[in-house]
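Engineer: One structure is given below, represented as structure tokens, and several questions about it will come after.
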């Protein structure tokens with residue numbers, strides 16, 4: 001893309017950061033399956049709320065494909081500056097969440113954030129009037145494309161981040177984490193649900209009867225349920241993230257033990273920056289015929305071309 005400074009650079013770097021959060025920064029993965037799939041785990045009336053959620057983590061692995069939609073709300077505090085913004089996303093996943101695609105409208109999100117954090121009129125004018133971010137995840141490879149108005153040179157390309165090349169071991173993950181990971185991504189975190197979990201009612205989502213549970217997730221408890229060989233690395237990641245408090249959540253689980261919707265609110269204290277992220281994710285069309293393909297090689301560029309622009 002053409003080199004520009006100030007706010008124009010902010011949206012590019014910010015877009016890469018948001019894409020990373022969507023794919024690797026939230027949750028633990030996603031599962032797939034179908035509304036008619038032969039789920040091996042059934043939920044009975046005698047199961048405690050904690051047992052139901054533990055089974056939901058197991059049943060997520062039976063879901064191989066499907067679609068998802070979600071909303072992410074951000075609250076930032078940086079010194080005496082504060083901002084709040086939200087964005088809506090939709091996508092699909094295949095191969096149990098190893099491959100996925102996400103589309104997010106970031107235009108309003110960026111304009112709201114810059115405006116609330118003291119941006120001047122000229123700063124807002126420097127932002128795109130519209131911006132749609134597209135993300136394709138294939139194992140350790142994440143491709144990003146930004147469709148902006150007015151168009152800029154370079155937006156015809158996909159920009160690649162390869163987590164393996166960055167030294168992040170994604171091979172141990174059954175699925176990538178975050179919105180793109182599928183059902184497993186968030187269902188796995190339910191293994192850390194504490195004793196405060198309660199059943200709070202029933203409702204219908206996309207024609208499927210579900211039971212709602214509320215409580216908190218203890219990050220340490222969730223790590224204890226992980227593969228023993230991964231626990232030390234996960235604890236290090238947890239310390240570096242600045243997230244230590246229990247995570248409030250609400251989860252909607254169907255009669256087969258499949259997670260259909262989840263809400264989580266995470267608070268991160270990274271020194272001078274404090275961030276609260278509230279995520280809502282829904283899964284539907286489980287078992288749908290989903291095809292996720294990598295972009296053509298001749299349209300792929302290194303993501304450093306976005307983040308390495310002149311200041």
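A quick yes/no check of all residues on (1) farther than 24 Å from residue 96 by Cα; (2) touching a strand residue (DSSP E or B) at 6+ places or on another chain (Cβ under 9 Å); (3) modelled with pLDDT of 85 or more:
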{"site": "215", "(1), (2), (3)": "yes, yes, yes"}
{"site": "218", "(1), (2), (3)": "yes, yes, no"}
{"site": "223", "(1), (2), (3)": "no, no, no"}
{"site": "227", "(1), (2), (3)": "no, no, no"}
{"site": "233", "(1), (2), (3)": "no, no, no"}
{"site": "270", "(1), (2), (3)": "yes, no, no"}
{"site": "277", "(1), (2), (3)": "yes, yes, no"}
{"site": "284", "(1), (2), (3)": "no, yes, yes"}
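Residue-by-condition table, conditions (1) part of a strand (DSSP E or B); (2) closer than 24 Å to residue 79 by Cα; (3) touching a residue at least 24 places away in the same chain (Cβ under 8 Å):
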{"residue": "252", "(1), (2), (3)": "yes, no, yes"}
{"residue": "256", "(1), (2), (3)": "no, no, yes"}
{"residue": "275", "(1), (2), (3)": "yes, yes, yes"}
{"residue": "278", "(1), (2), (3)": "yes, yes, yes"}
{"residue": "305", "(1), (2), (3)": "no, no, yes"}
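Engineer: If you don't mind, another one. Among the residues of the range 67-86, count how many are without any contact (Cβ under 8 Å) to a residue 40 or more places away in the chain, surrounded by fewer than 16 Cβ atoms within 10 Å (Cβ to Cβ) and in a strand (DSSP E or B).
Structural biologist: Total satisfying the criteria: 4.
Engineer: Out of all the residues in the range 144-156, which are more than 19 Å from the chain's Cα centre (by Cα) and either crowded, with 20+ Cβ neighbours inside 10 Å or touching a residue at least 12 places away in the same chain (Cβ under 8 Å) (or both)? Steps first, answer last, please.
Structural biologist: Looking only at the range 144-156, we keep the residues that are more than 19 Å from the chain's Cα centre (by Cα), and these are 147-156.
Correct list: 147, 148, 149, 150, 152, 153, 154, 155, 156.
Each row is one residue, and each column tells you yes or no for (1) in contact with a helix residue (DSSP H, G or I) (Cβ under 6 Å, 6 or more places away or on another chain); (2) at pLDDT 75 or above; (3) in a strand (DSSP E or B).
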{"residue": "88", "(1), (2), (3)": "no, yes, yes"}
{"residue": "143", "(1), (2), (3)": "no, yes, yes"}
{"residue": "167", "(1), (2), (3)": "no, no, no"}
{"residue": "171", "(1), (2), (3)": "no, no, no"}
{"residue": "189", "(1), (2), (3)": "yes, yes, no"}
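Engineer: Residue 159 is checked against (1) at pLDDT 75 or above; (2) over 30 Å from residue 216 (Cα atoms); (3) surrounded by fewer than 23 Cβ atoms within 10 Å (Cβ to Cβ); (4) touching a strand residue (DSSP E or B) at 6+ places or on another chain (Cβ under 8 Å) and fails just one. What number does that condition carry?
Structural biologist: Every condition holds for residue 159 apart from (3).
Engineer: Applying the selection to the range 132-143, what residues are farther than 19 Å from residue 69 by Cβ and touching a residue at least 60 places away in the same chain (Cβ under 8 Å)?
Structural biologist: Result: 138, 141, 142, 143.
Engineer: On to the next question. Yes or no: the range 195-208 includes at least one residue that is under 30 Å from residue 302 (Cα atoms) and either over 18 Å from the mean Cα position of the chain (by Cα) or modelled with pLDDT under 80 (or both).
Structural biologist: Start the filter on the range 195-208 by keeping residues that are under 30 Å from residue 302 (Cα atoms), which leaves none.
No.
The values are calculated or read from the model by the stated rules, or taken from the named source; none is laboratory data. Predicted, not measured: the structure shown is a model, and the values here were computed from it. Every residue, glycine as well, gets a Cβ built from its backbone with ideal geometry; the counts of neighbours run over all protein chains shown.
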